[in-house]
Amino acid sequence: MNDNTAAIKEINGLLGDKERKAYVRSFGCQLNVSDGEKIKGLLQKMGYIFTEDEHEADLIILNTCAVRESAEDRVFGIVGSMKKLKELKPSLIIGIAGCMTAQSHIAEKIRKSYPQVDIVLGTSAINALPKLLLEALHGARFSADISEYDDFSEAAEQVRDSRFKASVPIMFGCNNFCTYCIVPYVRGRERSRHAEDIIEEVRRLVQNGYKEIMLLGQNVNSYGKDLENGMSFPQLLRELDSIEGDFIIRFMSSHPKDASKELIDTIFECEKVAKHLHLPVQSGSSDVLFRMNRHYDIEKYLGIVDYIYSRDPEFSLTTDLIVGFPDESDEEFKATLDLIKKVRYDNIYSFIYSKRSGTKAAEMHDGISDEEKGQRMRELLSVQREVSSEHYKRFIGKTMRVLADDVSKKKQGYLTGKSNEFIIVEFEGDSSLIGQFVDVEITDAMNWAVAGKIKKG
Ligand code: SAM
Ligand code: SF4
Ligand code: F3S
């Protein structure tokens, strides 16, 4: 555990009452966003207030993602453009945190080619931020800490971006080494948080008015396996379900190789657990799944889907898909299209394969052109649009319980929210309803959302 109390105290002494603003931007998955909230929690202790405008910031932290090359390019573009900001305000401190920094070649590239960057902070070294910031405030040219403290910062207070939706990481890292994926290399091995800490955190969040609790992990189904006498994930869900209060429990992601009947039964039996499962399949071809090292084939995957549909044929499923994995053949791609039609996902998150150096797939032969991959992606999205606009019709005439979360960007006087089934719902309503559950009678289905009216009485 890295004790940062002394450094925090010294920064507060050094900066005194002087106003200090921080701009913290997180990229990538919700686990990274959650880390960004921890970074903000530390900065708050050092007297920083937060701004959405990097031009008025005294400190900028970019909390980065490395999952695809495009994500890294985007950050390098932003860091490049920040050179001007630093010229205008030489006292500005710029820090790079998150998954990109865990790759030594990237940390080295930042140090060498981006002199405007003062701080580099690894994914397990968030607690080192006060020490590094202090060095920067004392004029150090470059301070970095990418070591692994194995420190889950239980005590870290987060500054949460929402007052009614909270992400709660239940585990960190990943053991699965899917051949395309950089995450195990930048996030380390699986470490589960103690169940008592998670339960206590959720209890406090609910007491403080949070309505949606999103449990996070790269594979929540292996939660607890690394702990002595650890609770399983279904057991944890049941414990959380028994906490008193009006709230909904969601979780992400659930690896199909470990998705058990017990998990599915638990979803159906726990009142507060959302009736939705995000079950990333990645490909509809068993051969591709083998090359991806996913540890399941399509037969096993469809077995899970069949069991879910045997309990509720209208259950809501979503997935992740990769298009253009090395040497993916036409037939293999077609198998993915067939799977989408067969399973009838409510939504898919699809990505064109991106080569990540250091992963096994980066060494594989890849004869598919970028044009072909782009064409396949367009085809996939068009099939999904057809499937979801048809499938969403099953909600017409039904009442959905919706957590209102924003004003509609498309229609004035309307709100949007997510239903229990994780479907976007648009309805007429006043912004005072944001953060509350409302019952909405569904009258219409689009391919991205359903629409309806708030039920009176
Ligand atoms: N742990 C989760 C799982 O296995 O379901 C996935 C987490 S990963 C951060 C989110 C998604 O990014 C993956 O499900 C995969 O579809 C996609 N992804 C990961 N590596 C990728 C790569 N090299 N190229 C394209 N997509 C990738
Ligand atoms: Fe990446 Fe696979 Fe781990 Fe998910 S399970 S984070 S895709 S290695
Ligand atoms: Fe998440 Fe991107 Fe890291 S998806 S775990 S922020 S590589």
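General remarks:
- Between the exposed loop cleavage positions of the chain, defined as chymotrypsin sites (Phe, Trp or Tyr not before Pro) in a non-H, G, I, E, B DSSP state with at most 16 neighbouring beta-carbon atoms within 10 angstrom, the longest gap is 178-447.
- Cysteines in the chain lacking any other cysteine Cβ under 4.7 Å from their own Cβ: 29, 65, 99, 174, 270.
- Whole-percent carbon and sulfur share, accessible surface of the range 396-454, 1.4 Å: 46 percent
- From the alpha carbon centroid of the range 402-446 to that of the range 204-258 is 25 Å.
- Simple spin-label estimate for residue 454 and residue 141 in nanometres, 7 Å along Cα-Cβ: 6.0 nm
- Computed over the range 162-274, relative contact order equals 28 percent, with contacts defined as Cα pairs under 8 Å that lie 6+ residues apart.
- Ordered from highest to lowest accessible area with the whole protein assembly present and a 1.4 Å probe, 5, 51 read as 5, 51.
- Which of 246, 241 is most accessible, then next, and so on - probe 1.4 Å: 246, 241
- Residues of type lysines that residue 9 reaches as a straight line, Cα spacing below 16 Å, ignoring anything fewer than 8 places off in the same chain: 18, 45, 131
- Solvent-accessible area per residue for the chain (1.4 angstrom probe, square angstrom): 45 Å²
- Near residue 26, the amide H atoms lying under 5 Å from its own belong to 63; only residues 5 or more places off or on other chains count, and H is placed 1.01 Å from N.
- Theoretical gain in end-to-end length, residue 410 to residue 260 [0.36 nm per residue, Cα-Cα removed]: 50.0 nm
- Within a straight-line Cα-Cα reach of under 17 Å, residue 342 can be paired with the following aspartates and glutamates, leaving aside sequence neighbours fewer than 8 residues apart in one chain: 297, 299, 306, 312, 314, 320, 331, 332, 379, 386, 390.
- Residues residue 342 and residue 52, FRET efficiency given R0 of 41 Å [Cβ-Cβ distance, rounded to 0.05]: 0.40
- The chain, helix-only ellipticity at 222 nm - DSSP H runs n ≥ 4, -39,500 (n - 2.57), divided by all residues, nearest 500: -11000 deg cm²/dmol
- Taking Cα centre as origin and charging only the Cβ of basic (Lys, Arg, +1) and acidic (Asp, Glu, -1) residues, the dipole magnitude of the range 194-345 rounds to 260 debye.
- Alpha-carbon centroids, the range 350-373 and the range 93-168: separation in whole Å: 29 Å
- Percent of beta bridges antiparallel (DSSP, the chain, rounded to nearest 5): 35 percent
- Ligands, DNA and RNA aside, residue 421 has an accessible area near 40 Å² when probed at 1.4 Å.
- For the chain, relative contact order (Cα pairs under 8 Å, six or more residues apart, normalised by length) works out to 10 percent.
- Annotation: aspartates and glutamates with alpha-carbon distance below 15 angstrom to residue 21 (same-chain offsets under eight excluded): 52, 53, 54, 56, 58.
- Pairs over the 21 Å Cα-Cα cut-off, from the set 211/418; 393/418; 38/86; 373/418; 341/393; 341/410: 38/86; 373/418; 341/410.
The values are calculated or read from the model by the stated rules, or taken from the named source; none is laboratory data. Computed from a predicted model, the values in this text were never measured in an experiment. Every residue, glycine as well, gets a Cβ built from its backbone with ideal geometry; the counts of neighbours run over all protein chains shown. Protein only, heavy atoms only, side chains kept; ligands, DNA and RNA dropped before computing areas. Shrake-Rupley method; radii C 1.70, N 1.55, O 1.52, S 1.80 Å.
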